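Q: Provided herewith is a single structure, encoded as structure tokens, for subsequent inquiry.
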């Protein structure tokens, strides 16, 4: 299982609605409003890197009022 954190920036005042929308998406384990340079952080999972990109990250990026995302894949040694 592949796990990643998606750091999300939103339009001003949109973090609550973005968090709610992101939580509804398949593959999203959790999404929380945060303070700092990002507005929302989501934890996502998928079976493969390809699925992570096509089925999870692409759908998160399509949520209205998101202005930028950064994806950090968890690395296990």
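Nothing in this text is a laboratory measurement; each read-out follows from the coordinates by a stated rule. In this text, all values refer to a predicted model and were calculated from it rather than measured experimentally. Note that each Cβ is placed from the backbone with ideal geometry, even for glycine, and that neighbours are counted across all protein chains shown.
Q: Under 8 Å for C-alpha pairs, at least 6 residues apart: give me the relative contact order for the stretch 2-73, rounded to a whole percent.
A: 47 percent
Q: Treat each spin label as a single point 7 Å out from the Cα along the C-beta direction, and report the residue 25 to residue 77 distance in nm.
A: Taking the two extended label points, one gets 3.0 nm.
Q: Could I ask something else about it? Grab the Cα-Cα distance for residue 1 and residue 54, subtract it from 0.36 nm times how many residues apart they are, and report the gain in nm with one decimal.
A: Extending this stretch completely gives an extra 17.6 nm.
Q: Next up: Arranged by the count of other C-beta atoms within 10 angstrom, fewest first, what order do 48, 10 take?
A: The most exposed by this proxy come first: 48, 10.
Q: Based on other C-beta atoms within 10 Å, arrange 76, 55 from fewest to most.
A: Neighbour counts put them in this order, fewest first: 76, 55.
Q: What are the extents of the Cα atoms of the chain along their three principal axes, listed from largest to smallest and rounded to whole Å?
A: 36, 23, 17
Q: Separate question: Can you tell me the length gained on complete extension of the stretch residue 17 to residue 47, counting 0.36 nm per residue apart and subtracting the Cα distance?
A: 8.1 nm
Q: What ranking of 38, 5 emerges when the number of other C-beta atoms within 10 Å of each C-beta is taken as an exposure proxy, fewest first?
A: 5, 38
Q: Before rounding to the nearest 500, sum -39500 (n - 2.57) across all DSSP H runs of length at least 4 in the chain and divide by the residue total; then give [θ] at 222 nm in deg cm²/dmol.
A: About -4000 deg cm²/dmol.
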